[in-house]
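Since the structure comes first, as structure tokens, the remarks are kept for the end.
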Amino acid sequence: MIIRKAAVAKFLDGLLKEYAVYIPRRREGYSEYTPLDPGSGYFWQGLNTQKPPKELLFPHGETLYSYRLRSDGVELRTHFDEEKRVLFGIRPCDAKGFCYLDRVFTRQDYQDVYYQTRRNNTVLIGLACLAPTTTCFCTSLGGGPFDTEGLDLLWVDLGERYAVRVLAPKGEALIKGRPEFVPAGEADWQAVRELEGGALGKMAPVLDLSGLKKRLDENYSDSVWDRVFEKCIGCAACTYLCPTCHCFDLSYEVEGSQGLCVRTWDSCAFPLFTLHASGHNPRPTGKERFRQRVMHKFRYFVENWGVMSCVGCGRCIIHCPVNLDIRDVLRQIIAGVSA
Amino acid sequence: MKNPYLPLPMRIEKITVETGDKSLKTFSLGFVREEDQRRFSFVPGQFAEVGIFGKGEAPFGIASSPMDTTRVEFTVYKVPGGTVTTALHEACVGYVVGMRGPYGNGFPLGAMQGCDILIIGGGFAFTTLRSLVNYMLHSDNRARFGRIQIIYGAREPGLLLYKEELAEWQQRNDLALTLTVDRCTPADGWTGCVGVVPKVLQEARPPAANTYTVVCGPPVMIRFTLPVLQELGFGPERILLSLEMKMKCGIGVCGRCNIGHKYVCKDGPVFSLAELSQLPSEY
Ligand SMILES: Cc1cc2nc3c(=O)[nH]c(=O)nc-3n(C[C@H](O)[C@H](O)[C@H](O)COP(=O)(O)OP(=O)(O)OC[C@H]3O[C@@H](n4cnc5c(N)ncnc54)[C@H](O)[C@@H]3O)c2cc1C
Ligand code: SF4
Ligand code: SF4
Ligand code: FES
């Protein structure tokens, strides 16, 4: 389908009758997904937001239940966030990130009701990346600037208009019968293919990760781990901002005889993450913790789910305060450089 | 959809102080809601997250037998400075706590059936072993297992758990129980063995043929017990260990208890020595 840019604001205002719409926006040097207000128009930039849209399905902090102690026991109340949402302008890599969170949070044996409720109520409208940056490496991980995995619609900027690829029933339902959309012609799809070729041409050369898993299977005790972590200060920015990292903590917030059980993001970069009550810590230094991060993404996740849990969004590279570049780490591992 | 994070309300019905130093108490929890009692079932070796509302939750092995469906028991060591274990130790009969679970794989009862069972326990890690023994001793189950031999040790006589039950077991003729302590004073009136578990095991020389061994205890005990088992001819596939890690969710999602690609909370806590040897030694 095709929609003129001039008609997008109207389409969005229409959506707002039924959905909350979140779009990536930059404000005072900081970018994140924020709710769109009716009639506010939209300013759409294909943004690699600092914070990933992960928090819209798996918030940084959320209440799992509230409790109230009573003389005869306890009263528990759950609250599910059932807001119907459209994420508008999500990048293909971030959408793919949700596919990895899906594997963890919607398993056969346990369903994370909180995540799944949000997931079922969320429609993902992607925006193809026309200008990948130097830190993007999605193509090394099976993705691409026009990748469609996890998306319900993919929009491609054709200048005055967007070409819209319909990818899933949820996306179809969203635009069905909307007068702003007209069928696209072959010339439009030809333009899309050319833009995709152009975007791919701007990507850094693909990292060959084919030998990575095998190296990681063998190099647990290698000296490479003694060096790659050295710069890391354990701030956990890389894991908090990663669209596929899912580790969390559970704790209580208390007010007298009542309170909340809250879930908050946590990170394998923190020493307390694995500290036993006895004082023993199976990952006592930055070396073991950094190794866990790499092993989890590129080895353990592959063993459990068949894919590497990195989408190549580049956030961990951009925001690491000490410029620790995961691509360099992977290169060193593959090269098997030993000190 | 079942909510895996929502605890069942459980009432503390009985508290037994297990050891002379009061550092270990057994909490017998009853179901506040009858429907929870009907739905709850588990196998020995599984654990649950027990929580004090407002303080936190912690994983504890289920110490009662699954044949007893009216209550669930946990034996809790009060960790110095520990939030949840201290709050539990301060709780009184009648207090309502939360319980989520059961979690983990438990002991492989199917595979263990028809085999002789050797149980080696040390210190306060005997909790799930007690569940297993009482399960096997139940009249519905006893015939499905062969010879049962137990070697259980503690630093001193006062630190052995479940003393009354141990005395009952000692009277039975369908189980061989050896109790041992590292040290004792004449005032203890101890009549059992003196010596660390690995040494007692070496002297007892239990036969390895067609036997499953379950080893639970402090790391040093395990470290010195495994070579003895090996020497006696026990194969790593039939030596079972139960691991402990820092845990939160109990369902393999919060990401903190993994050893390699296995989550101890979900894929464990029971692993055979053969399985463990395939994993990184990060525990
Ligand atoms: C599968 C499994 C089964 C278990 N079964 C049993 C059982 O049957 N019985 C039993 O008694 N135990 C059992 N445990 C162990 C039990 O879970 C722990 O003892 C319990 O979690 C301790 O909780 P806590 O809140 O009291 O301690 P915490 O408050 O979590 O920790 C106490 C100690 O941890 C350290 N610590 C904690 N937070 C910090 C911090 N911020 N900074 C520095 N240090 C810190 C300190 O040393 C502190 O004293 C089991 C564990 C597992 C995994
Ligand atoms: S590891 Fe880095 S590049 Fe990969 S998905 Fe996470 S933040 Fe993005
Ligand atoms: S962002 Fe950089 S310094 Fe911070 S934990 Fe990650 S690798 Fe270490
Ligand atoms: S306790 Fe959360 S993953 Fe095991």
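The values are calculated or read from the model by the stated rules, or taken from the named source; none is laboratory data. Small disclaimer: the values here were computed from a predicted structure and weren't measured. Positions of Cβ are generated from backbone atoms using ideal geometry, with glycine treated the same way; all protein chains shown enter the neighbour counts. Heavy atoms of the whole protein, side chains included, go into the accessibility calculation; ligands, DNA and RNA do not. Shrake-Rupley method; radii C 1.70, N 1.55, O 1.52, S 1.80 Å.
With the whole protein complex present, A:Val192 retains an accessible surface near 10 Å², based on a 1.4 Å probe. Please work out the FRET efficiency for the pair A:Asn323 and B:Gln113, using the Cβ-Cβ distance as r and a Förster radius of 41 Å; give the result to the nearest 0.05. After rounding to 0.05, the efficiency reads 0.10.
Under a 5 Å amide H cut-off, with hydrogens placed 1.01 Å from N, A:Thr34 pairs with A:Ile23, A:Arg25 among residues at least 5 apart or on other chains. Projecting the Cα atoms of A:Gly198, A:Thr134, A:Leu151 onto the charge dipole of the stretch A:130-207 (Cβ charges, centred on the Cα centre) puts A:Leu151 farthest toward the positive pole. For a straight C-alpha distance cut-off of 22 angstrom, the lysines reachable from A:Lys231 (same-chain residues fewer than eight places away being disregarded) are A:Lys287, A:Lys297. Between chain A and chain B, the total buried accessible area stands at approximately 3600 Å², from heavy atoms with a 1.4 Å probe.
Looking at the protein assembly as shown alone, DSSP beta bridges between its own residues are antiparallel in about 70 percent of cases.
Note on exposure: A:Glu180, B:Glu34 ranked by accessible area (1.4 Å probe, complete protein assembly) read B:Glu34, A:Glu180, with the most exposed listed first.
Give a residue-ordered list of calculated ³J(HN,Hα) values for the stretch B:248-255 (Karplus: 6.51 cos²θ - 1.76 cosθ + 1.60, θ = phi - 60°; whole Hz; x for Gly, Pro). With coefficients 6.51, -1.76 and 1.60, one gets 10, 6, x, 10, x, 10, 6, x Hz.
Within the set A:Lys84/B:Lys246; A:Lys51/A:Lys202; A:Lys84/A:Lys213, which residue pairs have Cα atoms separated by over 28 Å? Flagged as over cut-off: A:Lys84/B:Lys246; A:Lys84/A:Lys213.
Calculated FRET efficiency, A:Val254 to B:Asn210, Cβ-Cβ distance, R0 = 41 Å: about 0.15 to the nearest 0.05. The mean number of Cβ atoms from other chains found within 10 Å of a Cβ in peptide A:304-314 is 1, as a whole number. Taking other residues whose beta carbon is less than 14 angstrom from the beta carbon of A:Ala191, and scoring Lys, Arg as +1 and Asp, Glu as -1, yields -3. Put A:Thr133, B:Thr75 in order of accessible area, highest first, and with a 1.4 Å probe you get A:Thr133, B:Thr75. Whole-percent P(r), chain A, all Cα pairs, 20 Å bins from 0: 27, 54, 18, 1.
The GNM of chain B, with springs linking C-alpha atoms under 10 angstrom apart, assigns the highest mean-square fluctuation among B:Arg144, B:Arg155, B:Arg205 to B:Arg205. Looking only at the stretch A:128-167, which residues have a backbone nitrogen under 14 Å from a spot 7 Å from the Cα of A:Thr106 in the C-beta direction? A:150-152, by backbone N distance to the label point.
The trypsin sites (Lys or Arg not before Pro) of the stretch A:1-43 that meet both conditions, a loop assignment by DSSP and at most 11 other Cβ atoms within 10 Å of the site Cβ, are A:Lys17. Using the rule -39500 (n - 2.57) for each DSSP H run of four or more residues, divided by the residues of chain A, the 222 nm mean residue ellipticity is -8500 deg cm²/dmol. Using a probe of 1.4 Å on the protein chains alone, the accessible area found for A:Ser71 is around 130 Å².
Mind giving me the FRET efficiency for B:Cys92 and B:Ala167? R0 is 25 Å, r the Cβ-Cβ distance, nearest 0.05 is fine. Efficiency, from the Cβ-Cβ distance: 0.35.
Relative to the longest principal axis of the Cα atoms of chain B, helix B:219-231 runs at roughly 40 degrees. Beta-bridge orientation, the stretch B:173-283: approximately 50 percent antiparallel, per DSSP, counting only bridges with both partners inside.
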